[in-house]
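S.K.: I'd like to ask you about the structure that follows.
Every number in this text was worked out from the coordinates using simple rules, so none of it is lab data. Quick caveat: nothing in here was measured; it's all calculated off a predicted structure. All Cβ positions, glycine included, derive from the backbone under ideal geometry; neighbour counts span all protein chains shown.
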Amino acid sequence: MAEKVKLFVNGQEVEVEAGKNLIDAFGAIGIEIPHLCYHPALGADGNCRMCLVGIEDGRPPFVPACKTKVAEGMKVQLDTEKIMKIQRDIMELELINHPIDCPICDQAGECKLQDFYMGYDGKPSRMTVKQVLKAKKVEFGCGVVHDQERCVLCARCVRFTRLITKTGELGIVNRTDNARVNIFPGRPLNNRYALNVVDLCPVGAMTSRDFRFKQRAWFLAKSPSICQGCSKGCNIFIDHNREKYKDEVIYRYRPRLNDKVNGYFMCDEGRMTYKLENDDRLTTAQVNGREAGLSVAVEAVRRAISEAKKTVVLVSPNASLEQMFAIQQFAASINASLSGYSDGYIKAEDGDDFLIQDDKSANRAAFTLLNIDDSKVGFDAALNDADLLISFQNDLGRSLAEDQLASILAKVKLITISNALTSCATKAAVAVPAASYSEDSGSLINCDGRLQRYEIALVKNQPLKSLIEVTNLIGGEIANNQEARAGLQAAVAVLKDIDLEQIPAEGIALTESEVAHVAA
Amino acid sequence: MSGKVKIMERKGKDLYERLYLVEIVKGMAVTFGHFISNFLDNSKLYVRHYPEQKPEITSRWRGRHRLTTHEDGSVKCVACFMCQTNCPAKCIMIEAGERVDGRTEKMPVRFDIDLLECIYCGYCVEACPMEAIRMDTGIFAVTGSDRQSFVMKLDALLATPGAFSEEEYKKGGA
């Protein structure tokens, strides 16, 4: 536990974490200090002056809370008449040239300017001169649309491109009324994390081309989950909504704070993977290219398994730990050889040193934990003289070229249990639909060996069976996540001391606990 | 039970009334008197000859909705979803899109009001920041032969004119 210090806020004694600035320390115990320019990941800039507070110990009368560290015995004033006047005046200054086009602004509902106006200002405008008009709808590249009129010049976006991506595409040009955020001529935003400026922007000056006008913020349900775009396992919010007479649709992913994994950010590619959850889904079972009921398909799978001489089970590196274990047990029970071959999920040289990884699958680290072989050699050897291949959400079309896949399909019968209408699913003799990760729960191990848990984010109008339930239907022993977790704890030494039902929000580092285990 | 109790005198005890027939004839005389006088001259009747004769509607009447336009004919609605958010009957369904007529940035590409679900409360009119939706068409009777015909689309909402002058409408307290 971090060290604590005691200090006074408005005369009341509170205990906060030491070493932090006033905004973060008080924010953690539920006392809000309004601020626009400060962001924990970008550091204190002190340009908005919204966070000015009083300190009674001979300092200058007012100090910015973002640049002031907490200290023992400090007496902080947050609500004197003078501080409230400063907050009102800053709000008035910000709103002089603000277009107040909240009705058409995507940020409305999650806008700091709106919140602070309601909380700290609430006064009608006194301006009688005409507003300064600036450019709206400026394309900044990478799907970022900028509105210079709405901008409060907090420079969060500018600092993001300088400090985090180190590309520095943005800058503030001109001064006073004419100051505006802009790109350099002919040099649009060009980095793979650009859409984070949309989240960082405290107002609606940065909007996403992709999300623009799709939904109002207050309609969206925000469910925590984990991105499965690559093996980093960034923590996200899945923002989804069920419109009247329609099905649940995911509208965007937003990064969710996890200091141990992704911090406040995520990459643009991962952000767009929400589309895979909405579109091109396999929703009805197919037998020999014709739509069929689930029970018919399951019966066909069971018959194929009992008739097969040798079966190969192919598991996806995106499957959760529980699903992998259930499939492993199922493969063992029908004497099938198990492979995790999925070279196509790895995009060499694509990763960087921040968040993006080469491996575009979420849970390959679990293969080593469960001793699942994912080599091409192993897969080819297993396929030799096999006559049935059951693929669990593993899209072979990504790993193999068209002709290679065709030559395999000429030898074996393919059964696919899939969430998406992949090329593999369309070619399969039997395709059984299964729920995807936004509709399911499970545990994942990311590239750094951190065990994380995701829960069911949304329930479709016609919910599909989860992968474990489908495995259970076609003959697997394990019926649900709880049974799989119990089995995992018994079978895998590393997981023995971990309560898989209660993984903390920031996850558990398996490597650390392994070390602790050996040391003990 | 305390309080004043007033005992009413019971009527209908005398012979005439107990015979019924005399009283029935007296009652029928009143009925037929009205019937014959109205039959010969119906100008004094307290009944409106609907639908030939339409009622007079005040400008405050909440009739069927319409969407208003700017002078150049472009739609005033900016698809802010305030009406949909406020609607207690959840009968408004909007889809927003990029604006194409040069004004601001956003406009509705779909704007459906399901009149079978609408409770004509007028909250949408109150919520609208653009005065884009109004219930001043004076249409109070909506008929249709199937459910789909009661879903008002964007074009139909824009095509309906208001029944009152701007001045009269404002007098109504809008």
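S.K.: How big is region A:278-343 in terms of Cα radius of gyration and Dmax, in angstroms?
M.R.: My reading of the Cα-based Rg and Dmax gives 13.7, 38 Å.
S.K.: May I pose another question? Counting helices only, and only those DSSP H runs with n ≥ 4, report the 222 nm mean residue ellipticity of chain B as the sum of -39,500 (n - 2.57) divided by its residues, in deg cm²/dmol to the nearest 500.
M.R.: For chain B, the value works out to -7000 deg cm²/dmol.
S.K.: Right, next: Enumerate the whole-percent occupancy of each 10 Å bin, from 0 to the last occupied one, for all C-alpha pair distances of region A:147-244.
M.R.: Each 10 Å bin holds this share of Cα pairs: 13, 39, 32, 14, 2.
S.K.: Looking at region A:4-79, send over the antiparallel percent of its DSSP beta bridges, to the nearest 5.
M.R.: If we restrict to bridges inside region A:4-79, about 85 percent are antiparallel.
S.K.: Counting each pair of different Cα atoms once, what's the Kirkwood radius of the protein assembly as shown in Å, rounded to one decimal?
M.R.: 31.0
S.K.: Let me ask you something else. Can you pull the percent of Cα pairs in region A:4-79 with separation above 19 Å?
M.R.: In whole percent, the share of Cα-Cα pairs in region A:4-79 beyond 19 Å is 25.
S.K.: Over the Cα atoms, compute the radius of gyration (one decimal) and Dmax (the largest Cα-Cα distance, rounded to a whole number) for region B:66-171, in Å.
M.R.: Cα only, region B:66-171: 13.5, 39 Å (Rg, Dmax).
S.K.: Could you work out the mean count of beta carbons from other protein chains within 10 Å of each residue's beta carbon in B:90-100?
M.R.: 3
S.K.: Now a separate question. Treat each spin label as a single point 7 Å out from the Cα along the C-beta direction, and report the B:T104 to A:S441 distance in nm.
M.R.: Going by the 7 Å Cα→Cβ label model, 4.2 nm.
S.K.: Normalised by the residues of chain A, what does the relative contact order come to in percent, with Cα pairs under 8 Å and at least six apart?
M.R.: 11
S.K.: Once amide H atoms are placed 1.01 Å from N in the peptide plane, what residues at a sequence separation of 5 or more from A:L195, or on another chain, have their amide H within under 5 Å of its amide H?
M.R.: The list, which skips near neighbours in sequence, is A:D268.
S.K.: 222 nm [θ] for chain A, helices only, -39500 (n - 2.57) per DSSP H run of 4+, per residue, to 500?
M.R.: -7000 deg cm²/dmol
S.K.: Could you tell me which GluC sites (Glu not before Pro) in region A:393-493 are loop residues by DSSP with no more than 16 other beta carbons within 10 angstrom of their beta carbon?
M.R.: Counting only loop positions with at most 16 other Cβ atoms within 10 Å, the GluC sites (Glu not before Pro) in region A:393-493 are A:E455, A:E477.
S.K.: What number, in nm² with one decimal, is the all-direction average of the projected area of the convex hull of the alpha-carbon atoms of region A:285-519?
M.R.: One quarter of the hull surface, i.e. the mean projection, equals 13.4 nm².
S.K.: Taking θ = phi - 60°, what integer Hz values does the Karplus form 6.51 cos²θ - 1.76 cosθ + 1.60 yield along region A:399-412, in sequence order, with x for Gly and Pro?
M.R.: Each residue of region A:399-412 in turn: 8, 10, 6, 3, 6, 5, 4, 4, 5, 5, 5, 5, 8, 10 Hz.
S.K.: Right, next: For helix A:294-307, report the angle its Cα long axis makes with the longest principal axis of the Cα atoms of chain A; keep it between 0 and 90° and round to the nearest 10°.
M.R.: For helix A:294-307, the angle is close to 50 degrees.
S.K.: Between B:D72 and A:E92, what is the label-point separation in nm under the 7 Å Cα-to-beta-carbon projection?
M.R.: 3.6
S.K.: Just want the answer: with Cβ charges of +1 for Lys and Arg and -1 for Asp and Glu, which residue in A:M272, A:N258, A:Q357 is farthest toward the dipole's positive end in chain A?
M.R.: A:M272
S.K.: Another one. Can you give the extra length, in nm with one decimal, that the chain gains between A:R187 and A:E13 once fully stretched, where that is 0.36 nm per residue apart less the Cα-Cα distance?
M.R.: 57.5 nm
S.K.: With Cβ to Cβ distances under 14 Å as the rule, what net charge do the other residues near A:V173 carry (K, R +1; D, E -1)?
M.R.: Every neighbour counted, the sum reads +2.
S.K.: Right, here's the next one. From the phi of every residue in region A:212-219, what ³J(HN,Hα) in whole Hz does the Karplus formula 6.51 cos²θ - 1.76 cosθ + 1.60 yield, where θ is phi - 60° and glycine or proline is x?
M.R.: After applying 6.51 cos²θ - 1.76 cosθ + 1.60, I find 3, 6, 6, 8, 8, 4, 7, 7 Hz.
S.K.: How large is ³J(HN,Hα) for each residue in region B:30-47, as worked out from phi by the Karplus curve 6.51 cos²θ - 1.76 cosθ + 1.60 (θ = phi - 60°), to whole Hz, x for Gly and Pro?
M.R.: Here the 3J(HN,Hα) series is 5, 4, 5, x, 5, 4, 5, 5, 5, 5, 7, 8, 9, 5, 8, 5, 8, 10 Hz.
S.K.: Region A:405-428 to region A:183-240: how many Å between their Cα centroids?
M.R.: Distance between centres, Cα-based: 34 Å.
S.K.: Regarding region A:45-140, what are the three Cα extents along the principal axes, ordered largest first, in Å?
M.R.: Principal extents (Cα only, largest first): 48, 32, 22 Å.
S.K.: Related question: Using a Gaussian network model of chain B with C-alpha springs under 10 Å, which one of B:Y123, B:Y46, B:Y16 is most mobile by mean-square fluctuation?
M.R.: Judging by the Gaussian network model, the answer is B:Y16.
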